[in-house]
1. Mind listing the phi-derived Karplus ³J(HN,Hα) values for the range 270-287, rounded to whole Hz, using 6.51, -1.76 and 1.60 with θ = phi - 60°, and x for any glycine or proline?
2. Tally Lys/Arg at +1 and Asp/Glu at -1 over every other residue whose Cβ is under 12 Å from the Cβ of LEU167; what's the total?
3. Just to check, using Stokes-Einstein with a Kirkwood Rh over alpha carbon pairs, what's the diffusion coefficient of the range 294-373 at 20 °C and 1.002 mPa s in µm²/s?
4. Which of the pairs LYS6/LYS89; LYS124/LYS279; LYS130/LYS188; LYS191/LYS279; LYS262/LYS440; LYS89/LYS445 have their Cα atoms more than 31 Å apart in this structure?
5. Given charges of +1 on the Cβ of Lys and Arg and -1 on the Cβ of Asp and Glu, with all other atoms neutral, how large is the dipole of the range 1-146 about its Cα centre, in debye to the nearest 20?
6. What nm distance separates the two modelled labels at MET73 and THR441, each placed 7 Å from Cα along Cα→Cβ?
7. Pull out a ≥ b ≥ c, the square roots of the eigenvalues of the alpha-carbon gyration tensor of the range 81-170, then state rounded if a/c is under 1.5, prolate if not and a/b is larger than b/c, and oblate in the remaining case.
8. If you roll a 1.4 angstrom probe over the protein chains with everything in place, what fraction of the accessible area of the range 385-438 belongs to carbon and sulfur, to the nearest %?
Amino acid sequence: MKSVNKLSDKQFLKLFFFCIYLCFLIAAFLMPDRNTMFSGLWQIMSQPSKVTTNYFAVGGYAATFLNSALVGMFCLAIFCLPESQPNQKTILAFLLVTGFTTWGINLLNILPSFLGVLLYCFIKHEALGKQVNAMLFSTGAAPLITDLFIRYPYQEVVGFTWHGILLGCIVGILIGVCMPAGIAHSGKVHKDFDLYSAALPLGLISFMLQAVLYSTLGLAIPKVPDPATLQVASPLIVNTFCLFLFIAAILCGQFLWKGTWKEYWHLMTADNYQADYLKQYGPGPLLMNMGILGCCILLYYNLIGIPMNGITFGCIFCVVSCCGCGSNPLTVLPIMLGYVAASFGLGAISNALGGNFQNVLYAQPIAVGLCFATGLSPICGRYGVLAGMIAAALHLCMVTVLPSLHGGFCLYNGGFTAALVCVMIVPQLERFCKTKIERKTIQAKS
């Protein structure tokens, strides 16, 4: 057997993803409600998954873990196509999908957009393997597909209908066809300062679809799930699974792939703009970064006391998804501090003005927002802590407003918000501020 240290990047990633999804599969059979695993999985696939839907409440714990494992293995099978080649966004794409399998994505609602990317490859005469990332990113509007399948144009679920399935497939294929081009040009808009780059085209597509399918036709957008469902949570299950996975990642990075703390420190302190940690540092420091970053966000969620439901569970993996392309504890910490400072500061101002401030740290939308605000970490890495905190504060102000644009059908709402923050703040930073490297150069000359 080939030594793990001699694996190519693609071989390493296949092993990496397989081990993660195997953990989800094993966990599914260890859950206390495993006897209802398959009936719960059907509930997940046949019930609305609009943001924010807690799959722990819809199908149960075992079904949620099974859904994550099956979706992940399906995506991994596509990644195993001979033409597929990994890049700095591959880890992000896989772990982001993994995060959403606990509150929005299932085996059924991802298929139409996958077919759309397949159609794009046929039209453009491209190998499907080269568009695996686009295929995975296209799932960000999966909740809309489910709604079209089971209740459009009604408020209540009526079940699968032929016209609903047809409309859902058409819309999903349209999304899939549009995503590769949108992803290719997204970075030019926010200058690659939003790690969740695919969120910009998907957010705009979701906005357009919401307008065409609902607002323009005068149809009411279905309501969000009952807030009471968010209380179906298990700190024991979430903490145990995440700690096992993240500690295992740290240990494997150190002992199997020989990552050192010196290399990891260099990873954290180097410029993280357009970073590719796998190519720059190798699997060892990358795995260490995943584990430590995951433990940090897990600790934060425990400290603020948010319910450990399917949404919180998934958000942990959404944060970790950027572990290979720019996020690390030193660049994420300013974002977290900015959220905390903005929450307390704006809350005090609201109280003084007699307002009804709701963006407290332990509110579910704000916890979800923080997850995607970490995509702004390149701003911290390039311009420093203060710039990162300001970007985070702007993100907090906007993240709960944007769902009205896409109707709550876009899972990448926080990443979409991050892109808009970049559009506003990056030109000002480039015009008025110096980068950390420029400041150090000036200090060295003085």
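The values are calculated or read from the model by the stated rules, or taken from the named source; none is laboratory data. A quick note: this is a predicted structure, and the numbers were derived from the prediction, not measured. Ideal geometry is used to build each Cβ from the backbone, glycine not excepted, and the neighbour counts take in all protein chains shown. Quick note on the areas: whole protein, heavy atoms, side chains included, nothing else; ligands and nucleic acids left out. Shrake-Rupley method; radii C 1.70, N 1.55, O 1.52, S 1.80 Å.
1. Result, ordered by residue: 6, 4, 9, 6, 6, 6, 9, 5, 5, 6, 7, 10, x, x, x, x, 4, 5 Hz.
2. Combined, the nearby Lys, Arg, Asp and Glu give 0.
3. Values: Rh = 13.3 Å.
Approximately 162 µm²/s, per Stokes-Einstein.
4. On the way: LYS6/LYS89 22 Å; LYS124/LYS279 29 Å; LYS130/LYS188 20 Å; LYS191/LYS279 21 Å; LYS262/LYS440 22 Å; LYS89/LYS445 37 Å.
Checking Cα-Cα distances, LYS89/LYS445 exceed 31 Å.
5. Values: 9 positive and 4 negative charges, 56 e Å.
Computed charge dipole of the range 1-146: roughly 260 debye.
6. 5.3 nm
7. On the way: a/c = 3.63, a/b = 1.65, b/c = 2.20.
The shape class here is oblate.
8. Roughly 71 percent, rounded to a whole number.
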